[in-house]
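S.K.: My questions will all concern the structure given below.
The values are calculated or read from the model by the stated rules, or taken from the named source; none is laboratory data. Computed from a predicted structure; not experimentally measured. Counting neighbours? That spans all protein chains shown, and the Cβs are built from the backbone with ideal geometry, glycine included.
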Amino acid sequence: MRDFSQDHRWLSINTATVRKSRGADLPLPDIIEACARRGIRAISPWRDQVAVAGLDTISSLVKTHGLELSGYCRGGMFPAADAQGLRAARDDNRRAVDEACELNAACLVLVVGGLPGALAGKAAHKDIALSRSQVRDGIAELLDYSRSLRMPLAIEPLHPMYAADRACINTMEQALDVCDELDPGRTGALGVAVDVYHVWWDPKLQAQIMRAGKDRLLAFHVCDWMTPTTDLLNDRGMMGDGVIDIPRIRGWVEEQGFAGYSEVEIFSTGNWWQKDHGEVLDTCVQRHRAAV
């Protein structure tokens, strides 16, 4: 297992972590500049932040500062209530692949979606099996396109509490079943993003990480699970503040040959988004050395 205690060479910042500074929106160019000043070598930006700043602007800044992208957030949201919605999802995901290619991302992260309409508060139906079927078909179609552009797709299983509205793939086992079906040759075109916030509780986690192996472990996300959790979406903790044994999980991942970035992804309306972004980034550096 790599020693992170002496530097932060393998730290990446998911830009959601500092999308707000003292409660106010922080533009993505400012986030990039702040990371570069601290010697943070990698980021994982969100598409909405890129869209506001402009893809060309962000691409230029990434190149200017010599940054790498540990991933690009996000594609997915495949299920829909009708054919028009499915086509819209297909087209949007192809755009996401194009953007990831322009930014030279390591992978496009897929948050696959749940019941159509549930995220807006009104699910179109209750058939989660149908949603999972649409997810499988959507990934299969997107994989043909992404493979042609050599952009790997990383399925991110989300905690079961998000099954209805954000992702009906909720375990590593489910995600790897899709990978095995659609990419049986383990070509590297399709794999998983392991986010400790979503999978730390899974009794099969170590076995499924072993099953994934180096060629399917495309991204590794870190934060912490707070007790009590006051908001299931926006109360993620800084590494070391909660109950996840992050070094143990990183050890399992690295035993399989993963040698990429530990990407800090924190949503925190009541805590970290209320602090100055510089303090948050400095804390990420410290905790990456001490708690990851």
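S.K.: Considering region 70-91 alone, what residues qualify as being surrounded by fewer than 21 Cβ atoms within 10 Å (Cβ to Cβ) and either assigned to a strand (DSSP E or B) or touching a residue at least 12 places away in the same chain (Cβ under 8 Å) (or both)?
M.R.: Ala80, Ala81, Gly85, Leu86, Arg90
S.K.: Out of curiosity, is Val199 in contact with a Pro (Cβ under 8 Å, 6 or more places away or on another chain) and under 26 Å from Leu153 (Cβ atoms)?
M.R.: So Val199 passes the test.
S.K.: Give just the number: which of (1) of a type outside the set (D, E, K, R); (2) in contact with a Ser or Thr (Cβ under 7 Å, 6 or more places away or on another chain); (3) outside any loop (DSSP other than H, G, I, E, B) does Ala16 not satisfy?
M.R.: (2)
S.K.: Tell me which residues, restricted to region 232-270, are within 25 Å of Gly39 (Cβ to Cβ) and in a loop (DSSP other than H, G, I, E, B).
M.R.: Residues satisfying the conditions are Met238, Met239, Gly240, Asp241, Phe258, Ala259, Gly260, Tyr261, Glu265, Ile266, Phe267.
S.K.: Out of the residues in region 224-241 meeting the condition of being more than 19 Å from Arg166 (Cα to Cα) and hydrophobic (A, V, I, L, M, F, W, C), tell me which one is surrounded by the fewest Cβ atoms within 10 Å (Cβ to Cβ).
M.R.: Filtering region 224-241 for residues that are more than 19 Å from Arg166 (Cα to Cα) and hydrophobic (A, V, I, L, M, F, W, C), the one surrounded by the fewest Cβ atoms within 10 Å (Cβ to Cβ) comes out as Met226.
S.K.: Residues to consider are Gly113, Gly138; find the one that is touching a Gly at 6+ places or on another chain (Cβ under 9 Å), free of Cβ contacts under 8 Å to residues at least 60 places away in the same chain and under 29 Å from Gly54 (Cα atoms).
M.R.: So the residue among Gly113, Gly138 that is touching a Gly at 6+ places or on another chain (Cβ under 9 Å), free of Cβ contacts under 8 Å to residues at least 60 places away in the same chain and under 29 Å from Gly54 (Cα atoms) is Gly113.
S.K.: How do the helices (runs of 4 or more DSSP H) wholly within region 154-231 filter down when requiring 1 or more residues that are under 16 Å from the mean Cα position of the chain (by Cα) and within 17 Å of Ile246 (Cβ to Cβ): which remain?
M.R.: 172-182, 196-199
S.K.: Counting just the residues of region 17-41 that are surrounded by fewer than 22 Cβ atoms within 10 Å (Cβ to Cβ) and among the hydrophobic types (A, V, I, L, M, F, W, C), which one comes out nearest to Val280 (Cα to Cα)?
M.R.: Ranking the candidates gives Ala34 first.
S.K.: Could you pull out the residue among Val62, Val97 that is under 30 Å from Ile128 (Cα atoms), of a type in the set (A, V, I, L, M, F, W, C), in contact with a strand residue (DSSP E or B) (Cβ under 8 Å, 6 or more places away or on another chain) and surrounded by 15 or more Cβ atoms within 10 Å (Cβ to Cβ)?
M.R.: The match here is Val97.
S.K.: Does Leu69 count as more than 18 Å from Phe267 (Cα to Cα) and touching a strand residue (DSSP E or B) at 6+ places or on another chain (Cβ under 7 Å)?
M.R.: Yes, satisfied.
S.K.: If only one of Ala193, Ala154, Ala167, Ala175 is farther than 16 Å from Gly138 by Cβ, small (Gly, Ala, Ser), modelled with pLDDT of 95 or more and surrounded by 24 or more Cβ atoms within 10 Å (Cβ to Cβ), which one is it?
M.R.: Ala193
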